[in-house]
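Chemist: A single structure is presented below for examination.
The values are calculated or read from the model by the stated rules, or taken from the named source; none is laboratory data. For clarity, every value in this text was computed on a predicted model and none was experimentally measured. Note that each Cβ is placed from the backbone with ideal geometry, even for glycine, and that neighbours are counted across all protein chains shown. With ligands, DNA and RNA removed, areas are computed over all heavy atoms of the protein, side chains included. Shrake-Rupley method; radii C 1.70, N 1.55, O 1.52, S 1.80 Å.
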Amino acid sequence: MAEEKDPKLEAPLAPAAEAGEKVRLPVVVPTAQLTKRPTGNVLGQAWLVLVLATVFGAGLAGVEYALGPIIAQNRLNETLAQVPSLVPGATQGTADDAVIEGRRVFRALDADGKLVGWVVPGKGQGFADKIELVVGLDAKAETITGLFVLDQKETPALGDNITRADFRGQFVGFGTGVPLDAKRAPRDPGTGTIQALTGATISSDAVCTIVNQTVAAVKAPLAAAASPVAVN
Amino acid sequence: MAQSDGPTPLERFINGILPENPVYRQMLGLCPTLAVTAAMKPAMTMAAAVLFVLVCANIMVSLIRHLLQPHLRILVFTLTIAVFVTIADRVLAAYVYGMSKALGPYVPLIIVNCIIIARCEICASKQGVLPAIGDAVGQSFGNAVALASVATVREILGKGTWFDLPVMPLTSGDYGWSLMILPPGAFLTLGLLLGLNVHIQTVQARRKREAEKAASTALATSA
């Protein structure tokens, strides 16, 4: 009995050690090169950092060279994939060469290659981060035909309801002449009223503001481009 | 191997999974554990990115460990980690674009994830390539287990799904417990799981002590 250790004497060990099968303290491996003092001049000490930075930099440039075009294509495809759902009658989209106020607009074409509408990207501050969306417009840019949110980081279960089809569907059929406004009232195309989402006033407002800015920026140029003279 | 006095690759591997689990025992990498565990898919993508970065960084650091200057070692670790994180980030954006968007800034933030710097410092800068790989894989598995445990609870209670498969119709759709997929759910879940973990440890330790005591008393009385 006298040989036995009192368990209380061993108590102040870490819980991990207490529970483990064998009590083992963290292993510290003494290493000569980590205890020696720095030697040599600046280059003698830092050459490894410089060499690594150069090699790694070249490697990353190679990765970007190989993957950059794929990533750019992914971004483009994401918008193009939405074109049929944003413009009625459209079966495909092509990136237009025109850039209106920094926006790359997309032509929505039907099966015969005839212009049936436009898809225009818009971007603006939401509640948590930038909201990126695309607006579908008819060929004369007079009516909103669709809305899709590409990127948002709004509050899950509240603000991120802006991606739901029932909220986005409210915008369809609104004329581009009346500015949109999110309110606590039923949807009304006459006054541009969008019924705001419960608990997400700022996100709802942000979407309306981005749509308004987008429409205002591209309306006149697109209407001009869609006129029979401009369409080739 | 240059040094044989450290833990073997197998020990390093096993230690990473539970005895030295990065999240539950070392309390490292809690930021991604809280942020990307609203569902299983992003959590497991994150775990895979950590596995890639940790294995590559550990191998690299282990290979150059004899060239390290003591006062510049953290700089070299960070440089190495940053390169592999950038590669992982670009590869995700090129081949799993949707997931890359869902993870947002948390993939680039692996650079400052303490799990990886800690493994470079504790293992890779002091041991050969094999223990470093064992360590990296073990710690990554431990990290994946921790992320999966939190994400499972949050996704099932918050959305009624697991890996997007419906498992609990009661909490699906509009009836989800949305608190669980919001940030408070992350803190609650991690806190409760950590508590459970410590409780199990304590009970095990007590049982072991009692069993030892009983054995020694039996020995004393028989003698």
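Chemist: Which whole number gives the average, over all residues in B:92-103, of C-beta atoms from other chains lying within 10 Å of the residue C-beta?
Modeler: Per residue, the average neighbour count from other chains is 4.
Chemist: Once you have a ≥ b ≥ c as the square roots of the Cα gyration tensor eigenvalues for the protein assembly as shown, tell me rounded if a/c is under 1.5, and otherwise prolate or oblate according to whether a/b is larger than b/c.
Modeler: Here the protein assembly as shown falls in the oblate category.
Chemist: Right, another one. Taking Cα atoms of the stretch A:81-232, Rg/Rh with Kirkwood Rh, to two decimals?
Modeler: Rounded to two decimals, Rg over Rh is 0.97.
Chemist: Mind scanning A:Lys123/B:Lys41; A:Lys123/A:Lys153; B:Lys41/B:Lys101; A:Lys153/B:Lys101 and naming the pairs with a C-alpha gap bigger than 21 Å?
Modeler: Going by Cα-Cα distance, A:Lys123/B:Lys41 fall outside the 21 Å limit.
Chemist: According to a simple spin-label model (label point 7 Å from Cα along Cα-to-Cβ), what is the distance in nm between B:Ala148 and A:Asp151?
Modeler: My value for the distance between the label points is 3.2 nm.
Chemist: At 7 Å along the Cα-to-beta-carbon direction for both B:His71 and B:Cys31, put a label point, then send me their distance in nm to one decimal.
Modeler: 2.7 nm
Chemist: If you take the square roots of the eigenvalues of the alpha-carbon gyration tensor of chain B and sort them as a ≥ b ≥ c, do you get rounded (a/c under 1.5), prolate (a/b over b/c) or oblate?
Modeler: Oblate, because a/c is 1.5 or more while a/b does not exceed b/c.
Chemist: Got the relative contact order for the stretch B:69-176 handy, in percent, Cα pairs under 8 Å and 6 or more residues apart?
Modeler: That works out to 15 percent.
Chemist: Do any residues of the stretch B:174-192 lose at least 10 Å² of accessible area when the full set of protein chains is present rather than just their chain alone, and if so which, with a 1.4 Å probe?
Modeler: When all protein chains are present, B:Asp174, B:Ser178, B:Ile181, B:Leu182 each give up 10 Å² or more of accessible surface.
Chemist: Mind grabbing the accessible area of B:Glu210 for me, 1.4 Å probe, Å², rounded to tens?
Modeler: Looks like 110 Å² after rounding.
Chemist: Determine the dipole magnitude for the protein assembly as shown: charges of +1 sit on the beta-carbon of Lys and Arg, -1 on that of Asp and Glu, nothing else is charged, the reference point is the Cα centre, and the result goes in debye to the nearest 20.
Modeler: Using only the charged Cβ atoms, the result is roughly 700 debye.
Chemist: As I understand it, the dipole of the stretch B:166-223 uses +1 on the Cβ of Lys and Arg and -1 on the Cβ of Asp and Glu, about the Cα centre. Which of B:Ala205, B:Leu192, B:Ala220 lies farthest toward its positive end?
Modeler: With unit charges placed on the Cβ atoms, the residue in question is B:Ala220.
Chemist: When chain B is treated as a GNM, springs tying every alpha-carbon pair under 10 Å, which of B:Gly128, B:Gly29, B:Gly104 comes out with the largest mean-square fluctuation?
Modeler: Checking each option, the largest mean-square fluctuation is seen for B:Gly104.
Chemist: With unit charges on the beta carbon (Lys/Arg positive, Asp/Glu negative), name the residue among B:Ser125, B:Met168, B:Val83 whose Cα is farthest towards the positive pole of the charge dipole of chain B.
Modeler: Result: B:Ser125, furthest along the dipole toward the positive end.
Chemist: Can you work out the PRE-style zone for A:Arg184? Point 7 Å along Cα to Cβ, and I want the residues of the stretch A:198-221 with backbone N under 13 Å.
Modeler: A:198-202
Chemist: Say we join alpha carbon atoms closer than 10 Å with springs in a Gaussian network model of chain B; which of B:Lys101, B:Lys41, B:Lys208 then has the biggest fluctuation?
Modeler: Largest GNM mean-square fluctuation: B:Lys208.
Chemist: Taking a virtual spin label 7 Å from the Cα of A:Thr91 along the C-beta vector, which residues in the stretch A:113-140 bring their backbone nitrogen under 17 Å of it?
Modeler: Answer for the stretch A:113-140: A:113-117.
Chemist: Mind checking how much accessible area B and A bury in total, 1.4 Å probe, in Å² rounded to 100?
Modeler: Buried area between the two chains comes out at roughly 4000 Å².
Chemist: Gap in Å between the Cα centre of the stretch A:107-160 and the Cα centre of the stretch B:55-85?
Modeler: The stretch B:55-85 and the stretch A:107-160 have Cα centres spaced 45 Å from each other.
Chemist: Can you tell me which of B:Leu72, B:Leu192, B:Leu92 moves the most in a GNM of chain B? Springs connect C-alpha atoms under 10 Å apart.
Modeler: Looking only at B:Leu72, B:Leu192, B:Leu92, the biggest GNM fluctuation is shown by B:Leu72.
Chemist: Step through the residues of the stretch B:173-183 one at a time and calculate ³J(HN,Hα) from phi using the Karplus curve (6.51 cos²θ - 1.76 cosθ + 1.60, θ = phi - 60°), rounding each to whole Hz and writing x for Gly and Pro.
Modeler: x, 6, 9, x, 8, 5, 4, 5, 8, 8, x
Chemist: Do the sum for chain B: with -39,500 (n - 2.57) for every DSSP H run of n ≥ 4, divided by all residues, what is the mean residue ellipticity at 222 nm, to the nearest 500 deg cm²/dmol?
Modeler: Calculated mean residue ellipticity at 222 nm is -22000 deg cm²/dmol.
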